[in-house]
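Notes follow the structure.
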Amino acid sequence: MKKLFGNTGGLKPNQIKRLQNLYRRRIPPEYLITNELAREITRFSYQIRRQIGLLINRQGKIRFVIIGDAQGIHIPDTSEYRASPGRLKGIKCVHTHLHNEPLTNDDLTDLSLLRLDLMAAITMKEDGNPHLFHIGHILPGSVDSKPYLILPPINANQLDIGSLDLVRALEAEMDKISSALTADAGMERAFLVSITSSSLNSTRDSLDELKELALSAGIEVAETIIQRRKRVDARFFIGSGKLNELTIRAMQKAVDLLIFDQELNPSQIRSITNRIDLRVIDRTQLILDIFAQRAQTREGKLQVELAQLKYMLPRLVTQNTAMSRLTGGIGSRGPGETKLEINRRRVRTRIQNLEKAVNTVKKRRKQQKAKRHKRGLPVISIIGYTNAGKSTLLNVLTDSHVRTQNRLFATLDPSSRRLRFPEDIEVIITDTVGFIRHLPKDLMVAFRATLEELESADLLLHVVDISNPRFEDQIKAVDKILSQLHLDALTIIYVLNKQDRVDQAVIERNLRIFDGVAISALDKTSLLPLIERMTAAIRQNRN
């Protein structure tokens, strides 16, 4: 490894070679740096009037040599050294300062954001020899104070500071704090982030829903953050200063995940993850992850994977092995392809195969639909916002046992049951995947084969959680999706569920607005008016 980082312009070939030779040097793990090596880099830095930095791993090997300018160095991408909760990066930064200054704000920001083991600056005497060594490290548990501690300066005969033991002690303390924060929940911890230029109320409502999604995915929400901006930052989406602040707070609260309420474009994800040592996802990715957890049938798994890969394809912006499991083997790659190009080609091939499989599902559903049509059985489809009580209603109506849980997207795979009404009217009643605001476009496309089942419905039951303070927005979101699917012309009965949780005046007002039926899906006796409306609607469709 001979590559130098930074601008080597103006350096002579022998100077560049001299810097490259630094990779051969080894530092005893307990030492900050050896006196000999410190002398070598300060003299060279003094000669070229630029800062020189070394990134050193815990085995004492120099992994990066950085050439800066007179004011500072720029630390290169260190993503191969990912810091997990309760752990530091595994590398320390030792660099020169030309103007006899201690650790700067930039030094301390890099220390905190990158979670370096140590940050050290070497000042120099008038002859270029080392003067003082200024050292800082992360300060575990500092919630209200600065997230770092600056040690008293040391001189060249004090470099055996027990750095490895110091780092291990810091990590032990960080791990203790992280364990204390996560012991009760046993889940990943995340910050939820939203950028808005509009009403704070609507933003908070959206973040509340994002929190429900996170909990449904098994994620503990440590904090929600709203930043008001006239326009989003083109590079980082959120302001760079706010991003730095979040990273430090994440370290203090044992958080390793940022979830954005808005969709991030590929370049924004790349910029954010290059700058901070946290995982970053957006609302779309979170929903896709929940769908991946919930899919049980082969059909559901096919559709979810297709949606995930279509979302992921434009975001394959760095070389990684994440997609290597998709395909592989002899003959799977062409000559001269980069790892990134191979990953993209594998994803495209997999998408083509999945689309063929989904089309097969679509044909099979059409055949099933044709058989039902021949039998003349009317179809009633239960639709609605996620967690509105659709599966519970299906279970009570048909004495079934479809899985129900008080969380978003508990039901992903559709279920169909037969139901016999009075007057010997028999129907097929189906439960569908729940809708949500900003349902990912790729998910809509992937699940079209499932959603097209609604086209053959004679009646739609739009289940509404009347106790949810955002139920009107949820109704609009479902109606919008129905319009996109060209299903808004079908007969719809609004079923105002969970009437036992709201005032009667609220129920009566909304019954007039939506011409619906109020029920409590858990109370079978409350379903009689709904059954009468369903029977009348089916009879009318037959005539």
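Here are a few things to note about the model shown:
- Dmax and Rg, reported as Rg then Dmax, of segment 13-166 (C-alpha, Å): 14.6, 49
- Rounded FRET efficiency, nearest 0.05, which uses the C-beta distance separating N265 from K230 and R0 of 22 Å: 0.75
- Estimated FRET transfer efficiency (L528, E80; beta-carbon r; R0 60 Å; 0.05): 0.40
- Percent RCO, i.e. relative contact order, over segment 1-99, from Cα pairs under 8 Å lying at least 6 residues apart: 31
- FRET efficiency for the L490 to D175 pair, using the beta carbon distance and R₀ = 51 Å, is estimated at 0.35.
- With the simple spin-label model, which puts each label point 7 Å out from Cα in the Cβ direction, the R539 to K366 separation comes to 3.6 nm.
- The distance between label points at D500 and K480 comes to 3.3 nm (points 7 Å beyond Cα on the Cα→Cβ vector).
- Counting only lysines at least 8 places from K366 when in the same chain, those with an alpha carbon closer than 26 Å to its own are K301, K310, K356, K374, K390, K441, K480.
- The chain, Rg to Rh (Cα coordinates; Rh as Kirkwood inverse mean 1/r): 1.10
- For the chain, size of Cβ-based charge dipole, Lys and Arg +1, Asp and Glu -1, in debye: 2440
- Across the chain, the mean sequence separation of Cα contacts (distance under 8 Å, 6 or more residues apart), normalised by length, yields a relative contact order of 9 percent.
- Net lengthening on full extension, I425/H438 (0.36 nm per residue, minus Cα-Cα): 0.9 nm
- Segment 185-289, relative contact order in percent, only Cα pairs under 8 angstrom and at least six apart counted: 34
- Report note on the peptides 356-363, 520-527, 296-303: ranked by the mean count of other C-beta atoms within 10 Å, highest first, their order is 296-303, 520-527, 356-363.
- For V433, distant residues with modelled amide H under 5 Å away: none
- In terms of the mean number of neighbouring beta-carbon atoms within 10 Å, the peptides 490-499, 198-207, 38-47 order highest first as 490-499, 38-47, 198-207.
- In the chain, the calculated helix contribution to ellipticity at 222 nm averages -12500 deg cm²/dmol per residue, counting -39,500 (n - 2.57) for every DSSP H run with n ≥ 4.
- Stretching R348 away from N14 to a fully extended chain increases their span by 115.5 nm, per 0.36 nm per residue minus the current alpha-carbon distance.
- Gained length - D69 relative to T104, 0.36 nm times residue gap less alpha-carbon distance: 11.1 nm
- Computed from label points 7 Å out along Cα-Cβ, the spacing between D399 and R49 is 9.3 nm.
- Positive-end residue of P153, L522, A536, charge dipole of the chain with Cβ unit charges: A536
- Ordering of 457-466, 127-136 by burial proxy (mean other Cβ atoms within 10 Å per residue, highest first): 457-466, 127-136
- 5 angstrom amide H check on F421, placed H, neighbours 5+ away: E426, V427
Here, each number is a calculation from the coordinates, and none is a lab measurement. Small disclaimer: the values here were computed from a predicted structure and weren't measured. Here Cβ is always computed from backbone atoms with ideal geometry, including for glycine, and neighbour counts include all displayed protein chains.
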